[in-house]
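Every read-out reported here was derived from the displayed coordinates using simple, explicitly stated rules and does not represent laboratory data. From a predicted model like this one, the values you see are computed outputs, not experimental measurements. Using ideal geometry, Cβ is built from the backbone for each residue, glycine included, and neighbour counts are taken over all protein chains shown.
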């Protein structure tokens, strides 16, 4: 009987020990799982913060680029710039008032809104230049090359075009003196490759 009791007690202790071991093991597993979950949440939060900063950086750069001016208006008033090279430049709204630009190169430049008031543009190369809304009042464009230039809306009262090359130039809505308009009609020919307008038509030549 003592032997049976001893066996029974021994079995109970073994079962209790095994149960305790399993509970401890389970507790460790739960603790490990909880720690892993905590670590994953922390890593996820860090990743979200990094992505957020990255996206805000892209938005900031895009905003700066979007609102940045396309060109910086420059002033060359009364400067001597003989034989200077401005070809292909974006000079939107810049000013060359009373500047000496003889024989300079402005071919294919963006001269939209530029002021050439009383400037010396003798023998200047303005081929393919965008002179829309430019101020050419009292400018000297003697022997200037205006081939395929776009002068729509330009203000050219009192401008002189003696000997200028105007093949394919577009003078739509350009303000000219009547005597200069008649001189230009004697030279006018060709079609502007950008607007498709005949030079003579834009000058209202008969």
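For segment 83-138, the calculated P(r), taken from all Cα-Cα distances in 5 Å bins from zero up to the bin holding the longest distance, is 6, 24, 31, 34, 6 percent. Taking R0 as 30 Å, what FRET efficiency do you get between residue 179 and residue 143 from their Cβ-Cβ distance, rounded to the nearest 0.05? Result of the calculation: an efficiency of 0.95.
Sorting check: for 121-127, 84-90, which peptide has the highest mean count of neighbouring beta carbons within 10 Å, and how do the rest follow?
Details: 121-127: 24.0, 84-90: 16.0.
In decreasing order of mean packing, 121-127, 84-90 become 121-127, 84-90.
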